[in-house]
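Engineer: Got a structure for you, written out below as structure tokens; questions coming shortly.
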Amino acid sequence: AAIQENLAVPILGYENPAKLSRAEYRVCLMLSQCLTTKQIASELTITSSTLRTHLRHIYQKTNVSSQAELTHHLLTMRPPSLPDVSARVA
């Protein structure tokens, strides 16, 4: 609830203020690294429809209304040490 009243908290902070699911968190992480939706869907091996569903849920949980607004918040409120999404565990 706190994230919906105050977007001064990083969405990708360790406390997960928006209560994102693991998939939603990964989408936000990739957006924060300036990947396109096509690249994100490919990286997560999901359909564009599934990605749109994740984004819709993220918008609701963070009280934003567009991908541009979400990306802006992710880039301006980036926590100090986020993991690199390209670093994969074998």
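Engineer: Under a crude label model (7 Å from the Cα following the beta-carbon direction), how far is Arg22 from Ala68 in nanometres?
Structural biologist: Reported label-point gap for Arg22 and Ala68 is 3.4 nm.
Engineer: In nanometres, what is the gap between the two model label sites at Leu75 and Thr47, each 7 Å from Cα along Cα-to-Cβ?
Structural biologist: Label at Leu75, label at Thr47, 3.1 nm between them.
Engineer: Label points 7 Å out from Cα along the Cβ direction at Arg56 and Tyr14: separation in nm?
Structural biologist: 3.5 nm
Every read-out reported here was derived from the displayed coordinates using simple, explicitly stated rules and does not represent laboratory data. Just so you know, these numbers come straight off a predicted model, no measurement behind them. Please note: Cβ atoms are built from the backbone with ideal geometry, for glycine as well, and neighbour counts cover all protein chains shown.
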